[in-house]
Amino acid sequence: MHPGLWREIWILVTIAVLSLFFGVLTGRPFLIAACGFGFYIAWTLRHLRNLHRWLLDRRAGDMPEAGGLWGEVFDEIHKLVKQASRRQDQLSGMLARFQNAASAMPDAVVVLSQAGDIEWANRSAATLLGIHYPHDVGVRLLNLLRVPGFAQYLERGEYAEPLEITSPDNREVHVSIQITPFGSSQKLVMGRDVTRLMRLEQMRRHFVANVSHELRTPLTVLGGYVETLQQMDQIRMEDLKKHLSIMHEQSQRMQRLVDDLLMLSKLETAPPRTQVEPVDIAALLKSLVEQATLLSGENRHDITLEADPSLKLLGSREELHSAFSNLINNAVRYTPAGGKIRLSWRPTDDGAEFAVTDTGEGIAPEHIPHLTERFYRVDTARSRASGGTGLGLSIVKHVLLRHEAKLEIESEVGQGSTFSCVFPAQRVERG
């Protein structure tokens with residue numbers, strides 16, 4: 001048994017003995033016992049009253065003092081209160097850290113009560129869902145987030161799959177909603193910006209559609225000529241050569257498309273090379289000019305090159321060859337016969353620049369921001385007739401990104417265009 005309890009028992013026994021003793025002396029034992037036990041009860045009630053007052057208002061003062069068993073009870077209660085206070089401080093700190101972390105999240109976070117009212121929301125909830133904390137605390141979520149399908153999703157109670165909605169504040173932003181029940185019928189609503197994923201999916205669909213469209217035409221031509229040849233019993237050699245020439249042209253067109261797709265895929269997926277080599281750009285451009293002259297053929301473009309032979313570039317010769325050849329070949333394809341094409345490789349204040357200037361038809365300003373998109377063409381019929389795949393400038397953009405460079409385009413309708421590849425100083429080497 002606890003020592004304090006024994007002490008209280010001994011106090012009661014002492015009161016009983018003393019009451020009996022004084023009662024015998026005075027002849028009134030019951031009155032003396034009643035006074036003794038009444039004093040003990042009054043003393044006990046006093047401690048109870050002090051404890052009750054302190055429990056009702058702990059801020060009024062410190063824990064009341066007492067001796068004996070009551071003193072030990074007060075001490076134990078005081079310890080429990082301190083422990084509860086420490087736990088409350090810890091929980092408050094954890095809650096504050098959670099709110100700070102949730103506030104810093106790019107995803108929207110909203111805590112709902114059992115009734116579906118907003119209890120808390122982070123900053124991203126204002127941007128993605130139009131919910132502002134603490135202004136909207138106590139407001140039903142359905143009163144603020146009025147988008148098609150969300151009310152049914154919230155009330156249905158099946159949250160295994162997220163719900164995709166458009167942001168009520170910005171119809172261009174797509175949000176994926178995920179609800180997680182917790183606690184006593186409360187809900188945690190999370191909204192993630194999936195606009196980029198939606199755009200990537202849209203780009204993927206467009207890409208597949210464009211590739212299918214680009215391949216369909218040459219395949220249709222090849223299939224038509226093969227079927228024609230199969231049905232002919234006799235054919236003149238001149239007609240056969242003509243048919244084979246067209247079939248060869250279409251097969252080359254498909255080959256160029258496949259090669260460009262493979263190059264673009266490699267540029268997008270392969271990590272940048274950690275080991276680079278100094279590339280002799282002047283020598284590279286000299287060989288590309290020879291190829292461009294052959295491509296020009298009967299159009300007899302006036303192609304000139306001004307290149308600083310001492311200026312080298314740190315990077316991948318293969319990738320740079322692909323980018324520069326695409327720019328030069330585009331100039332040849334889209335410059336009228338007899339037009340001028342000027343190539344330059346020169347140092348700048350911040351590095352070096354390769355530029356291709358032509359006297360072609362030029363490009364309208366509204367088309368320039370889209371030129372590096374896959375399969376984007378200013379003039380679809382003319383581009384296909386010239387043998388272009390619509391991927392050349394996309395390849396140029398990715399090559400330049402892997403070389404810390406940028407593409408600058410200047411063009412004026414009827415005056416020609418200039419495509420400039422601007423390289424930073426850390427990529428340039430004097431040799």
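The values are calculated or read from the model by the stated rules, or taken from the named source; none is laboratory data. Bear in mind that the values here come from a model prediction, so they are computed numbers and not experimental data. Remember, those area values only see protein heavy atoms, side chains included, never the ligands or the DNA or RNA. Shrake-Rupley method; radii C 1.70, N 1.55, O 1.52, S 1.80 Å.
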Task: Distant-in-sequence amide H partners of G315 (H built 1.01 Å from N, under 5 Å) - done: E277, V279
- [ ] Might you work out the accessible area of E306 for me, using a 1.4 Å probe with all protein chains in place, and round it to the nearest 10 Å²?
- [x] 100
Task: Surface per residue (accessible, 1.4 Å probe) for region 277-431, Å² - done: 47
- [ ] State in Å² the accessible area per residue of region 176-266; use a 1.4 Å probe, count heavy atoms of protein chains only, and round to the nearest integer.
- [x] 69
Open item on the list: Let me make sure I get this right: for region 232-307, a, b and c are the square roots of the gyration tensor eigenvalues over alpha carbons, sorted descending. Under 1.5 in a/c it's rounded, otherwise prolate if a/b > b/c, else oblate. Which is it?
Closed with: oblate
Task: Within straight-line cross-link reach of K286, aspartates and glutamates at Cα separation under 17 Å, skipping those fewer than 8 residues along the same chain - done: D302, E306, D308, E318, E319, E353
Open item on the list: Cross-link candidates for K82: which aspartates and glutamates have Cα within less than 16 Å, leaving aside residues fewer than 8 places away along the same chain?
Closed with: D57, D62, E72
TODO: For region 197-312, give the percent of accessible area contributed by carbon and sulfur heavy atoms, probe 1.4 Å, rounded to a whole number.
DONE: 54
